[in-house]
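Asker: Before anything else, here's the structure in question.
Values quoted throughout were computed directly from the atomic coordinates according to the rules given, and no laboratory measurement underlies them. The structure displayed is predicted, hence computed values, not measured ones. Ideal geometry is used to build each Cβ from the backbone, glycine not excepted, and the neighbour counts take in all protein chains shown.
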Amino acid sequence: MSKKTAAKSAPKKAAKSAAKAGGSSKSLLVENRVFKPAAEFAKKARISSMAQYKAMHAESLKHPDKFFGREAKELLWSKPFKKVLDWKCPNAKWFTGGKLNVSENCLDRHLHDSRKTKAALIWEGEPGEKRVLTYQQLHREVCRFANVLKRHKVKKGDRVIIYMPMIPEAAIAMLACTRIGAVHSVIFGGFSAESIKDRVLDSGASIIITADGGYRRGAVVPLKKNVDDALKGKDTPVKTVVVFRRTGQDVHIEEGRDVWWHRELEYVDAHCAAVAMDSESPLFILYTSGSTGKPKGILHSTGGYLLHAQMTSKYVFDLRDDDVYWCTADVGWVTGHTYMVYGPLALGATSLMYEGAPNWPENDRFWRIIEEYAVTVFYTAPTAIRAFMKWGDNWLKKHDLSSLRLLGTVGEPINPEAWMWYHNKVGGGRCPIVDTWWQTETGGHMITPLPGAVPTKPGTATLPFFGVDVGIVDDLGKEVGANEQGKLVIKKPWPSMLRGIWGDKKRYQETYWSEFKGWYFAGDGARRDKDGYIWIIGRIDDVLNVAGHRLGTAEVESALVSHPTVAEAAVVGRPDEMKGQGVVCFVTVKEGVKTSHELASELKKHVRNVIGPVATPDEVRFAAALPKTRSGKIMRRLLKQIAAGELIKGDTTTLEDINVIAQLAASGED
Ligand code: 7RM
């Protein structure tokens, strides 16, 4: 039977109805159907029934030592571990006594059989270049670059910043760090010089790996220039900058500091032993937004992280040797770390990497890629799916997508319309969808269906993964009832949990482990339906989720007040059909400053320069004063309503006297 005519998984009887969502005019599809895993999919899947999932999940919670001890045997250990878990809240140690190396697990161990000549990475540049690196070739490049790092005195435990476009060298640099036990910190290419500077200083990195530029939507992103600006005139720990030549544009080379990647390779050979690392040694730091102005350096460690990355790639994506797997996330986000690089490579799979934008040169670039490489497993974000929906079905119709067998989403709640569109139009009605809830802090999937076992419902991430003990609780820590909203907590340590915030023990303890004693507080709200399925509502702290990117309101506020005209600023999210949330800034200016449309644009540009394009405000509104409670707290709830157009409408760049409304709304608040 051809894939196109494969049985549809959806039952025939559809119960669809349109309903109004919470007072807004946007109609929301209420989708009540349950999508059972197609028999054909389940037959081959590693976990193929609900009973099997339930038994394994129960075992993973009741006997974690046995469960994870067994799973961890699938990694390559240079020294076996003595103990599975050592837990003293908030500090977890997994697989103590064990030693292993991540690059050895992702590369060397696949060189002994036919995987040696298998594609590890398939890459396409935005302008259209193509490269394939077999496991053998990737291994060689990683060893060579690890030797370059050693040449520049990078040692075990040293921090290495990677600020690269989406090119194989980004993965090569990461794996090279892991080979010698250096700790990488990848910075998303969309972040600005200022953001690089903060991360360099916080991490104390001695070296930056970058490129002259990268391609994005037909333009060149000036990566090297941003690095130069970040290091300008400052006391910086950075001694070396390695520059990969990608775009070929002119860049400044600082004598004594900057070296070219290709020149460096001339000095090294291709032999580099993998250093056996303690299971708990730091693997990488990844900065993410929290509810204060300063991003947090989330620290992950070696054994537990790699196990979870491999295990979820195996059970959730059900990856096998003949898959062509494509995760569209940038390597600068945790999704790019775990599900473009470490998970699939640990498993010996083929991972596709694309450098550029989905709408370059035209809106069908992703479908073109799926058709050309016969992609089988596709993992993307709801915000991208909504953009594809808007661009229209005709772009898909031009391409044969019948190679696809499994779809995934991550980054934000997926609305049922987008889920149905993804299912029908991209998946041809035959592919299961795994809606995976997780965070930078969790390292990998936490709540997700297993595609051969768990029936799905549009809009829910369904059930917890192995080892994950989810609670949905009220402020006192009591489980809420069915369909009631509560705070999402994780009640037990899991292998890939963060090990800390770089350099800030106190913040680690306070942010994640203080709301409820002994439990991890995720910062998300959620509810559980009568079937036990978990519906994520979204962040309940001062963190926005703009097009799947985490952004702290305090970060944007601190960027705004760094502008000479700004006295005070408050930033809130407002619902946005495409991006999930948009960024709205309320600004009071200093005495004597005149507000204008020009100043509003100037402030938007300023935020963009300080943080990066991801943080560009959708709207800047000037206010005579910000609404505050008697104790001086900004009333965000009120500003959110105003931003959503629920309270005041009108010209956004004229001075609004929000305080008038605030006074009305303030009665009773403090
Ligand atoms: C992987 C990643 C984490 C935040 C998290 C949630 C939201 C992520 C989903 C989701 C609903 C999902 N890391 N989130 N996945 N919400 N359903 N499947 O996104 O650290 O950048 O963001 O993203 O609010 O707390 S992240």
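Asker: Which of rounded, prolate or oblate describes region 62-104 when judged by the alpha-carbon gyration tensor and an a/c cut-off of 1.5? Each step should come with its number before you reach the end.
Answerer: Working: a/c = 2.25, a/b = 1.41, b/c = 1.59.
Oblate.
Asker: Okay, next question. Return Phe366, Phe317 ranked ascending by Cβ neighbour count within 10 Å, so the fewest neighbours appear first. Walk me through the intermediate numbers first.
Answerer: Working: Phe366 24, Phe317 27.
Least to most surrounded, the residues fall as Phe366, Phe317.
Asker: Restricting things to alpha carbons, find the Rg to Rh ratio for region 76-142 using the Kirkwood radius for Rh.
Answerer: On the way: Rg = 17.4 Å, Rh = 14.4 Å.
Checking Rg against Rh, the ratio lands at 1.21.
Asker: Any chance you could check the Cα centroid distance between region 303-333 and region 29-80 for me, in angstrom?
Answerer: One Cα centre to the other: 14 Å.
Asker: Taking every Cα atom in region 426-487, find the radius of gyration and the maximum pairwise distance Dmax, and write them in Å.
Answerer: 13.8, 45
Asker: May I have the convex hull volume per residue, in Å³, for the Cα set of region 279-416? Each step should come with its number before you reach the end.
Answerer: On the way: hull volume 18.3 nm³, N = 138.
Hull volume over Cα atoms, normalised by residue count, gives 133 Å³.
Asker: Okay, next question. Limiting things to C-alpha atoms, what are the Rg and the maximum Cα-Cα separation (Dmax) for region 241-339, in angstroms?
Answerer: When restricted to Cα atoms, region 241-339 yields Rg and Dmax of 18.3, 49 Å.
Asker: While we're looking at this one, here's another question. Amide H to amide H under 5 Å from Met353: which residues, 5+ apart in sequence or cross-chain, H placed 1.01 Å off N in plane?
Answerer: Ile122, Trp123, Glu124
Asker: Something else now. Suppose a student asked you for the relative contact order of the chain, using Cα pairs under 8 Å spaced at least 6 residues apart; what percent would you report? Working shown, then result.
Answerer: Working: 1475 pairs, mean separation 86.3, N = 670.
For the chain, the relative contact order is 13 percent.
Asker: Any idea what % of Cα-Cα pairs in region 481-567 are farther than 14 Å?
Answerer: Numbers: 2768 of 3741 pairs.
More than 14 Å apart: 74 percent of the Cα pairs in region 481-567.
Asker: May I have the convex hull volume per residue, in Å³, for the Cα set of region 527-640?
Answerer: So the per-residue Cα hull volume is 121 Å³.
Asker: Kindly provide the trypsin sites (Lys or Arg not before Pro) of region 378-481 that DSSP labels as loop, not H, G, I, E or B, and whose Cβ sees at most 13 other Cβ atoms within 10 Å. Mind showing how you got there, number by number?
Answerer: On the way: sites: Arg386, Lys390, Lys397, Lys398, Arg405, Lys425, Arg430, Lys478; in loops: Lys398, Arg405, Arg430, Lys478.
Sparse-neighbourhood loop trypsin sites (Lys or Arg not before Pro): Lys398, Lys478.
Asker: Okay, moving on. How big, on average over all directions, is the shadow cast by the Cα convex hull of region 368-435, in nm²? Don't jump to the answer; show the numbers that get you there.
Answerer: Details: hull surface 15.8 nm².
Over every viewing direction, the Cα hull of region 368-435 projects on average to 4.0 nm².
Asker: Could you list the chymotrypsin sites (Phe, Trp or Tyr not before Pro) in region 405-488 that lie in coil according to DSSP, counting only those with at most 16 other Cβ atoms within 10 Å of their Cβ? Intermediate results must be reported in sequence, preceding the final value.
Answerer: Numbers: sites: Trp419, Trp421, Tyr422, Trp437, Trp438, Phe465, Phe466; in loops: Trp438, Phe465, Phe466.
Hits after loop and neighbour filter: nothing returned.
Asker: Please list, ordered by chain and number, the residues whose modelled amide H lies under 5 Å from the amide H of Ile162; skip anything fewer than 5 residues away on the same chain.
Answerer: So Ile162 has HN proximity to Ser185, Val186, Ile187, Ile209.
Asker: Which value results when the Cα radius of gyration for region 415-567 is divided by 2.2 N^0.38 Å?
Answerer: Numbers: Rg = 17.7 Å, N = 153, 2.2 N^0.38 = 14.9 Å.
Compactness ratio reported: 1.19.
Asker: Right, something else. For region 569-583 and region 170-244, compute the distance between their C-alpha centroids and round to whole Å.
Answerer: About 29 Å separates the Cα centre of region 569-583 from the one of region 170-244.
Asker: Then there's this: Using DSSP to call loops (not H, G, I, E or B), can you name the trypsin sites (Lys or Arg not before Pro) in region 542-648 whose Cβ has at most 16 other Cβ atoms within 10 angstrom? Each step should come with its number before you reach the end.
Answerer: Working: sites: Arg550, Lys579, Lys590, Lys594, Lys604, Lys605, Arg608, Arg621, Lys628, Arg630, Lys633, Arg636, Arg637, Lys640; in loops: Lys579, Lys590, Lys594, Arg630, Lys633.
Sites meeting the loop and neighbour criteria: Lys590, Lys594, Arg630, Lys633.
Asker: Whole-Hz ³J(HN,Hα) for each residue in region 469-483, computed from phi via Karplus 6.51 cos²θ - 1.76 cosθ + 1.60 with θ = phi - 60°, x for glycine and proline: what do you get?
Answerer: 10, 8, x, 10, 10, 8, 4, 8, x, 8, 4, 7, x, 4, 6
Asker: I need to check one value: relative contact order of region 586-646, counting alpha carbon pairs closer than 8 Å and at least 6 residues apart, in percent. Don't jump to the answer; show the numbers that get you there.
Answerer: On the way: 44 pairs, mean separation 20.5, N = 61.
Here the relative contact order equals 34 percent.
Asker: While we're looking at this one, here's another question. Would you calculate a helix-derived [θ] at 222 nm for the chain, using -39,500 (n - 2.57) for each DSSP H run of n ≥ 4 and dividing by the full residue count, to the nearest 500? Kindly include the intermediate steps, with their values, before the conclusion.
Answerer: Working: 20 runs with 183 residues, N = 670.
Helix-only estimate at 222 nm: -8000 deg cm²/dmol.
Asker: Still on this structure: So what J values fall out for region 399-407 if you push phi through Karplus, 6.51 cos²θ - 1.76 cosθ + 1.60 with θ = phi - 60°, rounded to Hz, Gly and Pro as x?
Answerer: Running phi through 6.51 cos²θ - 1.76 cosθ + 1.60 with θ = phi - 60° gives 10, 8, 9, 6, 6, 5, 10, 8, 10 Hz.
Asker: Also, quick follow-up: Output the direction-averaged projected area (hull surface divided by four) of the convex hull of the alpha-carbon atoms of region 179-330, in nm². Mind showing how you got there, number by number?
Answerer: Working: hull surface 49.5 nm².
For region 179-330, the mean projected area of the Cα convex hull comes to 12.4 nm².
Asker: While we're here: Pairs of alpha-carbon atoms within less than 8 angstrom and 6+ residues apart define the contacts here; what relative contact order does region 462-565 have, in percent? Write out the running numbers ahead of the final one.
Answerer: On the way: 147 pairs, mean separation 24.1, N = 104.
Reported relative contact order: 23 percent.
Asker: Using only Cα atoms, figure out Rg for the chain and give it as a multiple of 2.2 N^0.38 Å. Mind showing how you got there, number by number?
Answerer: Numbers: Rg = 24.6 Å, N = 670, 2.2 N^0.38 = 26.1 Å.
Rg over 2.2 N^0.38 Å, computed on Cα atoms: 0.94.
Asker: Please list, ordered by chain and number, the residues whose modelled amide H lies under 5 Å from the amide H of Gly538; skip anything fewer than 5 residues away on the same chain.
Answerer: Gly525
Asker: Compute from the Cα atoms of region 308-357 the Rg and the Dmax, the latter being the longest Cα-Cα distance, and quote both in angstrom.
Answerer: Here Rg and the maximum Cα pair distance are 10.1, 30 Å.
Asker: May I pose another question? Kindly flag which residue pairs out of Lys156/Lys579; Lys116/Lys425; Lys54/Lys487 have an alpha-carbon separation exceeding 30 Å in this structure.
Answerer: On the way: Lys156/Lys579 40 Å; Lys116/Lys425 36 Å; Lys54/Lys487 24 Å.
Check vs 30 Å cut-off fails for Lys156/Lys579; Lys116/Lys425.
Asker: Here's something else I'd like to know. Calculate the length of the line joining the C-alpha centroid of region 336-355 to that of region 402-465, in whole Å.
Answerer: About 18 Å separates the Cα centre of region 336-355 from the one of region 402-465.
Asker: Something else now. Once you have a ≥ b ≥ c as the square roots of the Cα gyration tensor eigenvalues for region 66-185, tell me rounded if a/c is under 1.5, and otherwise prolate or oblate according to whether a/b is larger than b/c.
Answerer: Working: a/c = 2.07, a/b = 1.51, b/c = 1.37.
Verdict is prolate for region 66-185.
Asker: While we're looking at this one, here's another question. Expressed in nm to one decimal, what extension gain is obtained for the pair Asp322 and Asn91 from 0.36 nm per residue of sequence separation less their Cα-Cα distance?
Answerer: On the way: separation 231, 0.36 × 231 = 83.16 nm, distance 3.91 nm.
Extra length available between Asp322 and Asn91 comes to 79.2 nm.
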